[in-house]
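Student: Pasting a structure below so you can have a look.
No value in this document is a laboratory result; all are computed from the given coordinates. These numbers were taken from a predicted model, which means no experiment stands behind them. A quick note on method: Cβ atoms are made from the backbone with ideal geometry, for glycine too, and the neighbour counts reach across all protein chains shown.
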Amino acid sequence: MRLDILAALSGAMIALQARANGELSHRLNNGLEAALVSFGSGLIIISVIAAFNPSIKTGISNLRSSVSRGEIARWKLLAGALGGTFVAIQTQIVPLIGVAIYSVASIAGQTAVSLVVDRIGLTGGGKKAITPRRISAAILTVVAVLVSVLDRIDAKNLSMIAVVAGCIAGAVVGVQRALNGEINEYSHQSFTTSLLNFITGTSLLVILILIGVLTHRIHLVALPYGPWWIYTGGVIGVIYIAFTSTIVQHLGVLTFTLFSVGGQLVGSLIIDLVSPTHGVHVSSYLVTGIVMTYAGVIAGGVSSSRVRKPAKHK
């Protein structure tokens, strides 16, 4: 199968994960518990993989050496906590606004925060200039969010707070990816970075749930018997990691991102058409917003590639 198709499928996996986690949250009526089930199951799977994969252990050793030499700050190793936060937000809001609007909002958040991340050099690759084209691309994706919900602003089943939370979730995962990029530079093993992410993310969710239980704000309930697909969030996360760690090396970050985002947006639209959450419908405004979002990602991606070209000739 062609790598660009696999990249698009990996994007569709993000939409599928959002739908599964959102449905689990809806049935449990507890977003944090749903997030823990998703992250925890992913941790179990990747821990089993790590037990039989010597390269992951080598990556852990590389990270320990880098931390001891002061090459990477210890706090950056907590990037997975941002992933836990992302999934916690995801499980709360997807049942309210659907997968498609959530995808548009989260991508807008990622695009906007990428300007800040690149400007301060959070990825470890040095600071990058913020060009007018990238600013325009970020503005376009934010406007796309507003267009997507234009026909539902006054609807009772739409919480604008949830839409804003979707943007925040995207911003959170954007920072997480930047930190993971720097961690990868020292671990030299993407699955090591992923294992660290699942450990710290699951730990954060456990702490939040314990606090909620002790303060009587959260009441744990028995997991529902089905349908089976609501428990696939963690599995999809691990498969996504396997896809990205392999495909990115061959396609490059820019090409992978463009195909992946395309797959996520199209996949989320199909999900909301075929298996929508309660009260969610697909309108021409939403379709227009999806097109605008992808246009913004393409514009921002092309701009980024052009910024980096001169540096190659120095």
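Student: When the dipole is taken about the Cα centre of the range 39-153, and only Lys, Arg (+1) and Asp, Glu (-1) are charged at their Cβ, what size is it in debye, to the nearest 20?
Tutor: Numbers: 11 positive and 3 negative charges, 94 e Å.
Around 460 debye, computed over the range 39-153.
Student: Then there is this: Considering the dipole of the range 3-307 built from charges on the beta carbon (Lys and Arg +1, Asp and Glu -1) around the Cα centre, which of SER61, GLY263, ALA50 is farthest to its positive end?
Tutor: Farthest towards the positive end: SER61.
Student: If you take the square roots of the eigenvalues of the alpha-carbon gyration tensor of the range 129-235 and sort them as a ≥ b ≥ c, do you get rounded (a/c under 1.5), prolate (a/b over b/c) or oblate?
Tutor: Numbers: a/c = 2.08, a/b = 1.10, b/c = 1.88.
In terms of gyration-tensor shape, oblate.
Student: Stretch HIS281-LEU146 to full length: gain in nm at 0.36 nm per residue minus the Cα-Cα span?
Tutor: Net length gain for the segment: 47.0 nm.
Student: In what sequence, highest mean first, do 78-85, 177-184 appear when ranked by Cβ atoms within 10 angstrom? Don't jump to the answer; show the numbers that get you there.
Tutor: Working: 78-85: 23.2, 177-184: 21.5.
In descending order of packing, they fall as 78-85, 177-184.
Student: Three principal axis extents, largest first, for the C-alpha atoms of the range 1-43, in Å?
Tutor: 40, 21, 11 Å, listed from the longest principal axis down.
Student: Translational D (Stokes-Einstein, µm²/s) of the range 3-307 at 10 °C and 1.306 mPa s when Rh comes from the Kirkwood sum over C-alpha pairs? Please list the in-between numbers first.
Tutor: Numbers: Rh = 19.6 Å.
Translational diffusion coefficient: 81 µm²/s.
Student: Let me ask you something else. Work through the residues other than LEU82 whose Cβ is under 12 Å from its Cβ and net out their charges, Lys, Arg +1 and Asp, Glu -1. Provide the component values of the computation, followed by the final result.
Tutor: Values: positive: LYS76, ARG177; negative: none.
My count for the surroundings of LEU82 gives +2.
Student: Among ALA73, ALA138, ALA162, which one shows the highest mean-square fluctuation when the chain is modelled as a Gaussian network with alpha-carbon springs under 10 Å?
Tutor: Among ALA73, ALA138, ALA162, the largest mean-square fluctuation in the Gaussian network model of the chain belongs to ALA73.
Student: From the square roots a ≥ b ≥ c of the eigenvalues of the alpha-carbon gyration tensor of the range 36-191, which class results: rounded (a/c under 1.5), prolate (a/b over b/c), or oblate?
Tutor: Numbers: a/c = 3.27, a/b = 1.52, b/c = 2.15.
Verdict is oblate for the range 36-191.
Student: Ranking request for peptides 220-229, 261-270: highest mean number of other beta-carbon atoms within 10 Å first, then the rest in descending order.
Tutor: Numbers: 220-229: 10.6, 261-270: 22.4.
Order by mean packing, descending: 261-270, 220-229.
Student: Taking 0.36 nm per residue of separation and subtracting the Cα-Cα distance, what length does fully extending VAL235 through ALA222 add? Don't skip to the end; give the middle numbers.
Tutor: Numbers: separation 13, 0.36 × 13 = 4.68 nm, distance 2.06 nm.
Additional length available on full extension: 2.6 nm.
Student: Let me ask something additional. List every DSSP H helix in the chain whose Cα atoms extend 20 Å or more along the helix's own long axis and whose mean Kyte-Doolittle hydropathy is at least 0.5. Spell out each step's value before the answer.
Tutor: Values: long enough: 3-28 (37 Å, 0.61); 31-51 (30 Å, 1.94); 54-68 (21 Å, -0.11); 79-120 (35 Å, 1.32); 132-148 (24 Å, 1.52); 160-187 (40 Å, 0.93); 190-214 (36 Å, 1.96); 233-251 (26 Å, 1.45); 253-274 (31 Å, 1.78); 284-312 (43 Å, 0.48).
For the chain, where a helix must reach 20 Å along its axis and average at least 0.5, the hits are 3-28, 31-51, 79-120, 132-148, 160-187, 190-214, 233-251, 253-274.
Student: Order of VAL274, VAL280, VAL164 from fewest to most other C-beta atoms within 10 Å? Can you show the working numbers first?
Tutor: Values: VAL274 7, VAL280 23, VAL164 14.
Listed from fewest to most nearby Cβ atoms, that is VAL274, VAL164, VAL280.
Student: Still on this structure, I have one more. What is the calculated FRET efficiency for ILE211 to ILE161, with r their C-beta to C-beta distance and R₀ = 25 Å, to the nearest 0.05? Walk me through the intermediate numbers first.
Tutor: Details: r = 22 Å, r/R0 = 0.89.
Efficiency for this residue pair is about 0.65.
Student: Please give the Cα centre distance for the range 27-104 versus the range 192-249, rounded to the nearest Å.
Tutor: Measuring centre to centre over Cα atoms gives 7 Å.
Student: Counting Lys and Arg as +1 and Asp and Glu as -1, each charge on the Cβ, what is the dipole of the chain about the Cα centre in debye, to the nearest 20? Working shown, then result.
Tutor: Numbers: 22 positive and 10 negative charges, 215 e Å.
Dipole size: approximately 1040 debye.
Student: Positive end of the dipole of the chain, charges at C-beta (+1 Lys, Arg; -1 Asp, Glu), about the Cα centre: which of ILE218, ILE207, GLY174 has its Cα farthest in that direction?
Tutor: GLY174
Student: Taking the simple approach of a point 7 Å from Cα along Cα-to-Cβ for both ALA242 and SER65, what is their distance in nm?
Tutor: Simple spin-label model gives 2.9 nm for this pair.
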